[in-house]
Structures are given as C-alpha cells and as structure tokens.
Amino acid sequence: MQIYKFLAAIVLPLALLTGCGGGSSSTETAPVTPVVPEKPPVTPPVTPPVTPPVTPPALVKPITVVPALGAFGAGANVAFIKPDGSVIGSAVTAANGAAVVDIGTYFGSFITKVTGGPGVTFYNEKTLGREPFGATDTLLSIVPSVPTGATPSLGVTTLTNAAAAVLISDPTNPKIAGTDAATIKSQIAVANATVAVAAGLPAGVDMLSAPQALSSPTDKISSTSPAAVAYGAYLAALAQAVPAGTTLLASVKAIAADAKANNGALPTTATTFTTAATNLAAVVAFNVATTSQSASLTALTAAIKPDPALTSPESKAAITSIATTNNGGAAPTTPVVTPPVVTPPVVTPPVVTPPVVTPPVVTPPVVTPPSSGSSNSNSGSSNTDTGASGSGSGSGSGSGSGSGGL
C-alpha cells in the first residue's frame, strides 16, 4: 500500500509537467495524423479477344470466265444467273481480265453476265487503245450445262452475246422464259449453234470456250490450243471489221439486235463477218505469236466461212449437229429455224428475130427533053456528029436522026 502511494507521488507531477508542455504554453495541441493520399484503383488493361482470320470457304466448283472484246482489265463484275433471274454466284475480273466464279452445286443451264463500272476497260483491237466498259454496258452468254474438267473455263464474247439476245429480251435483267429445264437447255443449244454457223465458226472451235484476246498493241495471241488462238484471232478480225463511223460497243449491240430479229441469223451485219473472214489470214500473221502458228491453226482459220443469212443448204445440218453436241448428245427438241433457200428462177431470154429489111426500089425519074423548034434546031446541029455515036442512047439517036433528015 505504501508502495502505491509512493509511485503516485512521483508519477502525478510528471504527468502534469508533460501535459503542460514543460510550462511553456497553456494551450494543448492535438497530435496531427498525416494524410496518406489514396491511390486510384488500378484497372488492368482489357485485352481484346483475338479474332482468328476468316478463311473463305473452299470453292465447290470454280469456273474461270474470260470476257473478251479485246482483253478486259480489272474490276468487271461477272455473275452466274439461273434462267429465272436469280444469282448463283459472282466475282470480279482480276488484272489479267479473268474472273473465277464459284457455281457451287448448281448443275443446270445458266446465264453469264458481265457488267462494267468505274475504271473498267477493255482493249479495242481496232483503235489499239483501251476503252471504258461502263455500269450500263453488258456482255452475255447462255450456257446449256455446267462445264466439266479439272479447270473449266468459259468465254463471253461478241458471238455469245448475239446468241443470248435470241432468248433474252432485257440484258440488264437477264432471264429465259419457261420452266422446263430440258426445253431451256435445247433452246440454248440451238441459239448458240445458229450464231456459230452464221458467223462461220468451224466444228473445232467452241463458241463458249475462253479465247485468247489481245491486251495491247505489242501483245501477241499465244496458246498451245490452236482452237483458242483461232477464236481469239477471229474476234480480233471482227473488231477490226467494225464499219467506219461505228464504235466497237455499238457494233456488238447491232450484231445482237440482228441475231434477235432473225433467230440467230446475221443478215443485216453480214458485211462485218465477211470482211473479218477475208482479213483473218493477215490478222493471224500479224497478231499471233510465231510459236503458236501451226498447220492446225491454218486449217482452222481457213475453215471459218461465214454464212450470215444462212442461205447455204448445208447450214441447217451444221446447226443441228452442233446443237446436238451442245445438248449433251441428244437431238434438240427446239426446231432449227433457217431462212428458206430461195432458188432464183431460170430466166430464158426471148429469142429476138430481127426483121427482114427489103431495100426500097428506086425508079429514076424520066427526063423529057424540051419541045421548042429553036432548041431542036440547035440541038440537031450540035448533035450532027453524035448521031451515029449516040445510037446506043435512045435520046441521042432520036436527036441525031432528026437533024440528019434535014
């Protein structure tokens, strides 16, 4: 107990001294607690999800399409369209002028439509320059069935466009009337065959095949396929045969209108085709690479003989043969329409018998000598010596004998 009192006596004064600050101030200062700034919450960076690159689906049935007036450039739209007008697939041409279009699992007849746009051009083989192929310009082909082979290809040209015009009324919205697939296929086969024969393509050159087209003034047609070279050279000759004052696109449209009006025959634009055939050998010599010139090419080009009005008796049989091949080997159910062959009548000129001309009988006039006496006397005296000699003449004899009597 005493210890506690002792400690209290010591601790209490010390506590008073400490609380008074050693006697230096009577104001008590509260201890200051330092303020520690708050750190903002740290948000961890958000890492965006990594999207793997999209791999386009594998093409089911790619077909290389080569539009050719001369060679096209990049950017032209190429679409495969069903006969009812619905689109199967489309792609644009690359810098080489070709487009790879996937037709997928479709297996029937179809339309190929090439449409231009800003910056789309083709090489004009007549003017030797590139020309625009605009958004309202189209080039068509009609195909009876999907092409086969490891690397199938198709051409779309002046000639395929003419055949398409036979069955398609509006090239900007192409459709083929009808719903029966076999009938449509037959119609397409006949239309293509009719234009091919009118244009003069021989059996070895398929109008739907992809041609070799020129792309510049220094370019040469080159291929290991004589048929592709012959087709490309003939298209170049057709471009060069465009009538004066007409553009190549205008000529293409005129040929299509001609085919449409005449079921595939080409009578109105016949001069373009005959001129092209005449010039074809020169076009081959100038525009085909030496390595691609061959006896096979010469034979094919020599066989290109247009019959624009289809007046040759052999034309109908040729159309039927080509259409049968295009129709999968089956004879087409669509009738082959060719203009009737008109045989001019044999005109026998009339036999003209010249009239017998009898010359008129000319009777000389009878001259009666004057009857006056003085005249007689003078006459008699002057004719005294001629009486004898004038005996051969009646008048002389008379005058002589008269004056002798005197």
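For Ile111, are the conditions met, namely being of a type in the set (Val, Ile, Thr), part of a strand (DSSP E or B) and touching a helix residue (DSSP H, G or I) at 6+ places or on another chain (Cβ under 6 Å)? Considered against the rule, which asks whether it is of a type in the set (Val, Ile, Thr), part of a strand (DSSP E or B) and touching a helix residue (DSSP H, G or I) at 6+ places or on another chain (Cβ under 6 Å), Ile111 comes out as no. Of all residues in segment 199-245, those satisfying the criterion of being of a type in the set (A, V, I, L, M) and farther than 23 Å from Thr121 by Cα are Ala199, Leu201, Ala203, Val205, Ala227, Ala230.
The criterion of being crowded, with 22+ Cβ neighbours inside 10 Å, among the hydrophobic types (A, V, I, L, M, F, W, C) and touching a Lys or Arg at 6+ places or on another chain (Cβ under 9 Å) does not hold for Val66. Please find, within segment 310-331, the residue that is nearest to Asn192 (Cα to Cα) out of those that are small (Gly, Ala, Ser) and surrounded by 17 or more Cβ atoms within 10 Å (Cβ to Cβ). Ranking the qualifying residues of segment 310-331, first place goes to Ala323.
For segment 150-170, which positions are assigned to a loop (DSSP other than H, G, I, E, B) and not polar (S, T, N, Q)?
Quick first cut of segment 150-170, residues assigned to a loop (DSSP other than H, G, I, E, B) only: 150-152, 157, 168-170.
If the condition is that a residue be assigned to a loop (DSSP other than H, G, I, E, B) and not polar (S, T, N, Q), then Ala150, Pro152, Ile168, Asp170 are the ones that fit.
Number of residues in segment 171-226 that are β-branched (Val, Ile, Thr), farther than 28 Å from Asp307 by Cα and surrounded by 16 or more Cβ atoms within 10 Å (Cβ to Cβ): the value is 0.
For segment 171-179, the count of residues that are closer than 25 Å to Asn279 by Cβ, at pLDDT below 95 and part of a loop (DSSP other than H, G, I, E, B) is zero. Pairing each residue of segment 211-225 that is farther than 13 Å from Val283 by Cα with any residue that is surrounded by 14 or more Cβ atoms within 10 Å (Cβ to Cβ) and hydroxyl-bearing (Ser, Thr, Tyr), provided the two are 6+ apart or on different chains, yields C-beta distances under 7 Å for Pro211/Thr157; Pro211/Tyr231; Gln212/Ser222; Gln212/Ser223; Ser215/Tyr123; Ser216/Tyr123; Ser222/Ser292; Ser223/Ser292. Restrict the check to segment 227-234 and report whether at least one residue is surrounded by fewer than 22 Cβ atoms within 10 Å (Cβ to Cβ) and either under 14 Å from the mean Cα position of the chain (by Cα) or over 14 Å from Thr158 (Cα atoms) (or both). Checked against the condition, which is being surrounded by fewer than 22 Cβ atoms within 10 Å (Cβ to Cβ) and either under 14 Å from the mean Cα position of the chain (by Cα) or over 14 Å from Thr158 (Cα atoms) (or both), segment 227-234 yields at least one hit.
Here is a yes/no grid of residues against (1) of a type in the set (A, V, I, L, M, F, W, C); (2) at pLDDT below 70; (3) in a loop (DSSP other than H, G, I, E, B):
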| position | (1), (2), (3) |
| --- | --- |
| Thr311 | no, no, yes |
| Val341 | yes, yes, yes |
| Pro355 | no, no, yes |
| Ser371 | no, yes, yes |
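Which of the residues spanning segment 244-262 are assigned to a loop (DSSP other than H, G, I, E, B), at pLDDT 95 or above and not β-branched (Val, Ile, Thr)?
Start the filter on segment 244-262 by keeping residues that are assigned to a loop (DSSP other than H, G, I, E, B), which leaves 244-247, 262.
This time we only want the ones that are at pLDDT 95 or above, so: 247, 262.
Within segment 244-262, Asn262 is the sole residue that qualifies.
Checked against the criterion of being assigned to a helix (DSSP H, G or I), under 25 Å from Val101 (Cβ atoms) and of a type outside the set (D, E, K, R), the candidates Ala233, Ala277, Ala227 yield just one match: Ala227. A single member of Ala254, Ala259 is of a type outside the set (S, T, N, Q) and closer than 19 Å to Ile304 by Cβ, and it is Ala259. Of the listed requirements (1) farther than 22 Å from Asp102 by Cβ; (2) more than 20 Å from the chain's Cα centre (by Cα), Asp170 misses just one: (2). Checking each residue of segment 181-191 against the condition of being assigned to a helix (DSSP H, G or I) and of a type in the set (D, E, K, R) gives at least one match. Checked against (1) within 38 Å of the chain's Cα centre (by Cα); (2) at pLDDT below 75; (3) not in a loop (DSSP other than H, G, I, E, B), Ser399 passes all but condition (1).
Tell me which residues, restricted to segment 126-177, are basic (Lys, Arg) and touching a residue at least 60 places away in the same chain (Cβ under 8 Å). First the steps, then the outcome.
Initial filter on segment 126-177 (basic (Lys, Arg)): 126, 130, 175.
Lys126, Lys175, listed by residue number.
Tally up the residues in segment 147-164 that are more than 21 Å from Ala241 (Cα to Cα) and crowded, with 19+ Cβ neighbours inside 10 Å, please. So the count comes out to 2.
The values are calculated or read from the model by the stated rules, or taken from the named source; none is laboratory data. Quantities reported herein were computed from a predicted structural model and do not represent experimental measurements. Every residue, glycine as well, gets a Cβ built from its backbone with ideal geometry; the counts of neighbours run over all protein chains shown.
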